[in-house]
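Please read the structure below before turning to the comments.
The values are calculated or read from the model by the stated rules, or taken from the named source; none is laboratory data. Fair warning: this is a prediction, and the values are worked out from it, not measured in the lab. Positions of Cβ are backbone-derived with ideal geometry, glycine not excepted, and every protein chain shown enters the neighbour counts. Accessible surface areas use protein heavy atoms only, side chains included; no ligands, DNA or RNA. Shrake-Rupley method; radii C 1.70, N 1.55, O 1.52, S 1.80 Å.
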Amino acid sequence: MDTKNAGFNTKLIHAGDFHDEYGSAVTPIYQTSTFAFKNAQHGADLFAGKEKGFIYTRIGNPTIGALENKLAELENGCGGIALASGMAAVTTVYMTFLGQGQHIICTSAVYGPSRAVLESHFAKFGVESTFVDSSNLKEIEDAIRPNTKLLYLETPANPTMALTDIKKASEIAHKHNIIVVVDNTFSSPYLQKPLDLGADVSLHSLTKFINGHADIVGGALIAKDPEIYAKLRKTMVYMGGNMDPHQAYLVIRGVKTLTLRIDRAQENAMKVADYLEKHPKVAWVKYPGLKSFPQYELAKEQMKGPGAMISFELKGGYEAGVTLMDNVHLALLAVSLGGVESLIQHPASMTHAGVPKEARLQANITEGLVRYAVGIENVEDIIADLDHALAKI
Ligand code: LCS
């Protein structure tokens, strides 16, 4: 079915999907590493790009292609690339747009490894990085150098929830021919469409809301422009960060319920954030749906909804955080997010432990910061669980 002009939910179900000669209701899994050519000429034509078809699964595969086409339609891109993990997507972006002596400007509070890999591996190859509070557009502008090639934004940022104005940041970058990539993992294509706001590439850890069931690791890139898409695809094929067909099948299955899951989790998150904000042991809560959120207006402007991620600081700091985490029973004490189950974690000792303390504090990742990924359980149970654990502090 042609879903180009269909609504978002219709795209979730049907975009990219195909049915085999048996009329299978869902896209089949092509669990094969390679594809036989009909004859020598066919093989040569496929390699020369004269004929469309499949050669080898690292280069392309029907099941993976179905997912890629679905994701591209969901974000209004020209093409999608599925990868083995979110980090494979991140490093594919860095490998594609950065080279020796070139410079990247990156949101300071990004997912820990997205920053750490620049400071370790890419620095080793002569890539220069500047980390800025990209919520403040002036910091972006001031960091631009003649050799700046890439602006890498994460909004909302993991774990501070700070937002960056994608439209305005893209306008600044494009004046200097700088490519703009947005990590859209926290919002998913349902709540935010970076390409429509001016970014060149939207990036996802599919592990999170898009797959939604905490049973695979995966990543994706969606490009607006065919030239950028072709460059990213070439890096993926050469570096080998490709997805596996079975993994793609699971993501195709999971993404179909994206809006149902997010609507429910978001409804819960709003109530949990309200509850936390009123709790005497909580110093502050960062949730884009709260009126107290510093960028409440920007959230309403560029996001369809505030999502299901909450960050909060306990008055008792690090110790209180440890007590809280050791006393929750419904929420799993686990990293990751975007699944149907509620998860709680402590960024300073877990997801962002790889970022030096000074840099963490500079990025507002305080020692007592707790991150809560709200699931789709009954909200009364989520709040009762937190209430019980907070009472132990
Ligand atoms: N981008 C964001 C915003 C993320 O949160 C993560 C993983 C990644 C990229 C990397 O994706 P992966 O390779 O894991 O699929 N975030 C995690 C987190 O907050 N806890 O554990 C993983």
Quiz item: Among the numbered criteria (1) within 15 Å of Ile376 (Cβ to Cβ); (2) surrounded by fewer than 19 Cβ atoms within 10 Å (Cβ to Cβ), which single criterion is violated by Gly254?
Solution: (2)
Self-check item: Considering residues of the range 75-86 that are farther than 25 Å from Val127 by Cα and open to solvent by less than 10 Å² (accessible area, probe 1.4 Å) only, the residue farthest from the ligand (Cβ to nearest atom)
Solution: Gly79
Exercise. Residues being open to solvent by less than 20 Å² (accessible area, probe 1.4 Å), in a loop (DSSP other than H, G, I, E, B) and over 19 Å from Ala72 (Cβ atoms): count how many of those fall in the range 168-188.
Key: 2
Exercise. Starting from the range 154-181, take each residue that is away from the ligand (no atom under 16 Å from the Cβ) and list its partners that are of a type in the set (Phe, Trp, Tyr) and not in a loop (DSSP other than H, G, I, E, B), counting only C-beta distances under 6 angstrom and pairs at least six apart or across chains.
Key: Ile179/Phe97
Quiz item: Within the range 98-136, can you find the residues that are assigned to a helix (DSSP H, G or I) and either hydroxyl-bearing (Ser, Thr, Tyr) or open to solvent by 40 Å² or more (accessible area, probe 1.4 Å) (or both)?
Solution: Pro113, Ser114, Glu119, Ser120, His121, Ala123, Lys124
Self-check item: Every pair of residues 6+ apart whose Cβ atoms lie under 7 Å, when the first sits in the range 113-138 and is under 21 Å from Ser85 (Cβ atoms) and within 16 Å of the ligand (Cβ to nearest atom) while the second is in a strand (DSSP E or B) and hydrophobic (A, V, I, L, M, F, W, C)
Solution: Arg115/Cys106; Arg115/Phe131; Leu118/Ile104; Leu118/Cys106
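A quick yes/no check of all residues on (1) over 20 Å from Thr207 (Cβ atoms); (2) of a type outside the set (Asp, Glu); (3) open to solvent by less than 20 Å² (accessible area, probe 1.4 Å); (4) not in a helix (DSSP H, G or I):
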| residue | (1), (2), (3), (4) |
| --- | --- |
| Tyr249 | no, yes, no, no |
| Thr259 | no, yes, yes, no |
| Ala265 | no, yes, yes, no |
| Pro280 | yes, yes, no, yes |
| Val285 | yes, yes, yes, yes |
| Lys291 | yes, yes, no, yes |
Exercise. Return a yes/no flag: does the range 231-254 have any residue that is of a type in the set (Asp, Glu) and under 30 Å from His388 (Cβ atoms).
Key: no
Quiz prompt | Residues that are crowded, with 22+ Cβ neighbours inside 10 Å, within 25 Å of the chain's Cα centre (by Cα) and either among the β-branched types (Val, Ile, Thr) or not in a loop (DSSP other than H, G, I, E, B) (or both), drawn from the range 303-344 | solution = Met309, Ile310, Ser311, Phe312, Ile344
Exercise. Look through Ile383, Ile376 and report the one residue that is within 19 Å of Trp284 (Cα to Cα) and not assigned by TED's automatic domain parsing to the domain that holds Ala109.
Key: Ile383
Practice problem: Any chance you could count how many residues in the range 189-208 are within 15 Å of the ligand (Cβ to nearest atom), open to solvent by 10 Å² or more (accessible area, probe 1.4 Å) and either of a type in the set (Asp, Glu) or within 13 Å of Leu250 (Cα to Cα) (or both)? | Solution: 2
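Return the total of residues in the range 43-62 being touching a helix residue (DSSP H, G or I) at 6+ places or on another chain (Cβ under 7 Å) and acidic (Asp, Glu). First the steps, then the outcome.
Narrowing the range 43-62 to residues touching a helix residue (DSSP H, G or I) at 6+ places or on another chain (Cβ under 7 Å): 51, 53-55, 57-59, 61.
Subsequent filtering for residues that are acidic (Asp, Glu) retains 51.
Counting residues in the range 43-62 that are touching a helix residue (DSSP H, G or I) at 6+ places or on another chain (Cβ under 7 Å) and acidic (Asp, Glu) gives 1.
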Practice problem: Only one of these is away from the ligand (no atom under 16 Å from the Cβ), at pLDDT 95 or above and in a helix (DSSP H, G or I): Ala89, Ala36, Ala66. Name it. | Solution: Ala66
